[in-house]
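The values are calculated or read from the model by the stated rules, or taken from the named source; none is laboratory data. Remember, it's a predicted structure, so these values are computed and weren't measured experimentally. Neighbour counts are summed over all protein chains in view; Cβ atoms, including those assigned to glycine, are modelled from backbone coordinates with ideal geometry. With ligands, DNA and RNA removed, areas are computed over all heavy atoms of the protein, side chains included. Shrake-Rupley method; radii C 1.70, N 1.55, O 1.52, S 1.80 Å.
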Amino acid sequence: MTAVIIWASDKAVSMIEIGILIQKASGDRVPFLMDKVRLSLERSGAPEPSIAAILPVIKEMLRPGITTREIYKKAYQLLKADSKHLAGRYKLKDALLELGPSGFPFEKFIGELFRRQGYTVEVGTTVAGACVTHEVDVRGQKGHELIMAECKYHNKRGVNTDVKIPLYVHARFQDIAAKMADELERRELHFQPWLVTNTRFSDDAMQYANCANLQLLAWDYPHGRGLREIIMETQTHPITCIGTLNSNEKKKLLEANIVLCREIADATYELQKLKIPAARIQKIQNEAEKICNQSTH
């Protein structure tokens, strides 16, 4: 294995491990890019000394066919040993996959994302269409903009939302828009349908949605304004980021309708019901606060 380093202003700006193909969750094999590991660590807020310590360990473990999951787990373990709240931010993508087993916590989470952006939000409403009645996951309004969103939650990496879903969702929202046509005109509302997933959309799903004026939101779509960026901007991290909570405790809290890290500060009673000692409750609440606070390193 050889490495190519491109230098600019006496600083290495790109490093590609030549000859190493890694396997993504989808099964596709792609060249390994050390810069992608660095970028994901930087996004978590990890300081340069931590990154400098982690990257050589990742480089040492590389082998043909190694999975992105193995690389992620090692980086996560190393970062967690250094800082739990930074590791919590680093695992954001996996944390979204843990918003289950039902899709409702994800729907509430998406509702909170829109609320933090200034929308008045309702989650899980029933809306009449011209032909049939529809369950709408998220409904929101900001000024003269009325949005309705369908949420497609996946609990595994590498699962894309294909074109069948936007086709189906578009038909549903057309039926709703037809029923609401007079109201929309009277109230001067612009109706914008959305389709949201915690993973990715297939190429034909994106092509159809763009043609049909169906707004898409996924982990990294639209580019530069996907779930990852909006979560970081609005500090709306899910409780599944919290490393001090075990999986059963996260499940119980989600069942109690506690979805966000920022809700943990006021959830002392729910944490006590789980028989968590007071000292550990304090650690959980401190970690949750630091995960949300982007200025904390």
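Using 0.36 nm per residue and subtracting the Cα-Cα separation, the extra length available between ASN213 and LEU167 on full extension is 15.4 nm. Of the trypsin sites (Lys or Arg not before Pro) in region 175-231, the ones in a loop by DSSP (not H, G, I, E or B) with at most 16 other beta carbons within 10 Å are ARG187, ARG225. Extension gain, ARG63 to LEU33, is 9.5 nm, computed as 0.36 nm per intervening residue step minus the present C-alpha separation.
Of the GluC sites (Glu not before Pro) found in region 147-220, those in coil by DSSP whose Cβ has at most 10 other Cβ atoms within 10 Å are GLU188.
With a Förster radius of 35 Å, plug the Cβ-Cβ distance of GLU135 and ASP94 into 1/(1 + (r/R0)^6) and report the FRET value to the nearest 0.05. For GLU135 and ASP94, the calculated efficiency is 0.80.
Converting phi to 3J(HN,Hα) with the Karplus coefficients 6.51, -1.76 and 1.60 and the offset θ = phi - 60°, region 240-255 yields 5, 6, 6, x, 6, 8, 8, 5, 5, 5, 4, 4, 5, 5, 4, 5 Hz in sequence order, with x at every glycine or proline. Whose amide H sits under 5 Å from the amide H of GLY226, counting only residues 5 or more places off or on another chain, with H placed in the peptide plane? Result for GLY226 returns TYR221. With the charge dipole of region 150-193 set up from +1 on Lys and Arg Cβ and -1 on Asp and Glu Cβ about the Cα centre, the Cα lying farthest toward the positive end among the listed residues ALA178, ASN160, LEU189 is that of ASN160. Using R0 = 22 Å, the C-beta based FRET efficiency linking THR125 and GLN282 works out to 0.05. Summarising the amide proton neighbourhood of PHE201: residues at separation of 5 or more, or on other chains, whose placed amide H is nearer than 5 Å comprise THR161. Could you compute the FRET efficiency for ARG187 and ASN155, with r as their C-beta to C-beta distance and R0 at 41 Å, rounded to 0.05? That pair, ARG187 with ASN155, gives E of 0.60.
State the extension gain, in nm to one decimal, for the chain segment bounded by GLU229 and ALA265, taking 0.36 nm per residue of separation less the distance between their alpha-carbons. Walk me through the numbers before you get to the answer.
Working: separation 36, 0.36 × 36 = 12.96 nm, distance 2.35 nm.
Computed gain between GLU229 and ALA265 is 10.6 nm.
Note on Rg and Dmax of the Cα atoms in Å: of the candidates [x] 20.8, 70; [y] 21.2, 66; [z] 28.5, 85, the value calculated from this structure sits at [y]. Comparing ALA279, VAL138, TYR119 along the charge dipole axis of the chain, the residue lying farthest to the positive side is ALA279, per the Cβ-charge model.
Only four residue types carry charge here, +1 at the Cβ of Lys and Arg and -1 at the Cβ of Asp and Glu. Report the dipole size of the chain about the Cα centre in Debye, rounded to the nearest 20. Walk me through the numbers before you get to the answer.
Working: 41 positive and 36 negative charges, 209 e Å.
With only Lys, Arg, Asp and Glu charged at Cβ, the dipole is about 1000 debye.
Under 5 Å between amide hydrogens, built in the peptide plane, is the criterion, and for GLU145 it picks out HIS190 among residues at least 5 positions away or on other chains.
In the context of the full set of protein chains, residues of the chain present 50 Å² of accessible surface per residue (probe radius 1.4 Å, heavy atoms only).
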